[in-house]
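The values are calculated or read from the model by the stated rules, or taken from the named source; none is laboratory data. Source: prediction; values computed, not measured. FYI the Cβ positions are ideal-geometry reconstructions off the backbone, even for glycines, and counts take in every protein chain you see. Areas reflect the complete protein model, heavy atoms only, side chains present, ligands, DNA and RNA absent. Shrake-Rupley method; radii C 1.70, N 1.55, O 1.52, S 1.80 Å.
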Amino acid sequence: MNKQGVPNVTLPYPFIVVSGADNIPHENDSYPHRWDAGAFIFCTRGQLSFMVNLTDYSMKTGDLMTILPGSIIQFRERSADCQCFLILFQRDFIKGIHVFQSMLPLLSKIIEIPLTSLHSKEQEFLHNYCMFLQDIHHNEFSKQHPDIQESLLVSVFHTVNAVYQKHQIEKEDRKHPRSEEIFRKFIHLVLDHYKEQRHVGFYADKLCITSKHLMDTVKKVSGKQVLEIITRAVILDAQVQLHSTRLSIQEISDNLHFPNASFFGKYFKRNVGVSPMVYRKELAKTRV
């Protein structure tokens, strides 16, 4: 863990390719994590469910998921036969890659719809491609030559970019209901402002709608209350900091803009069931 709250996912190489199911946490041993690394997850068999930035996702065979650096992730469940390829890439490394710049026009769409289902030929290609990447990545010769690693990562981005472009074109004619658009914008606003703003009116004003309209829309689309989603964001961040840093309860309270540690402690216990200190102690026991 780190005093400054650095995410607990760090990579020794520009990118890492792993396969199987053992690399995917199970719901019984999974806590929220903030990933400094980005990731592509390709499900080749079974099912997998997890939450990314307040939104729940379920992957099945043939699905591709993009997780951008800085995301908060919590794995939920996986089927007994679940098999996935997981490609993790460093945040800093991609900044200098030209192909990443070419993906910028698609990033807003990837943020909105990070999960896409591949056609059978695309699944076959991506499976063979991931097998090749895994073999090359684990080859000692490639590890000794950063230019090879960079070239491989560039090829990954080209491939994913091509897949998303194709599927985005297919989805262009599909009109999303106004309610879904409001909900997606609301989630983005929550992710930007949950530390300072926890009142329904703030988000309704930002969306230029009434508080009632926002509450009704969020309930219709997600089945959840507006305050429930805002609280979920705050609690997730608190859990990540308790899990992945050595920050004191007071420091975490300050980071989340609570008036004092006592108020934060009561807020946390009301929503989690235990105090922040007890939660951290329970985490420590699981690491023994």
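Some observations on this one:
- Two-site FRET efficiency, Asp216 against Met131, from Cβ-Cβ distance with R₀ of 41 Å, rounded to 0.05: 0.30
- Over 19 Å (Cα to Cα) - which of Lys219/Lys269; Lys185/Lys269; Lys195/Lys219; Lys185/Lys224; Lys212/Lys269; Lys60/Lys121 fall in this group: Lys219/Lys269; Lys185/Lys269; Lys195/Lys219; Lys212/Lys269
- Put simply, the convex hull of the Cα atoms in segment 192-288 casts, on average, a shadow of 6.9 nm².
- Think of segment 160-288 as having a plus end and a minus end, set by charges on the Cβ of Lys, Arg, Asp and Glu; of Phe186, Gln241, Val200, Gln241 sits farthest toward the positive end of this dipole.
- By a 1.4 Å probe calculation restricted to protein chains, Met59 has an accessible surface near 0 Å², given to the nearest 10.
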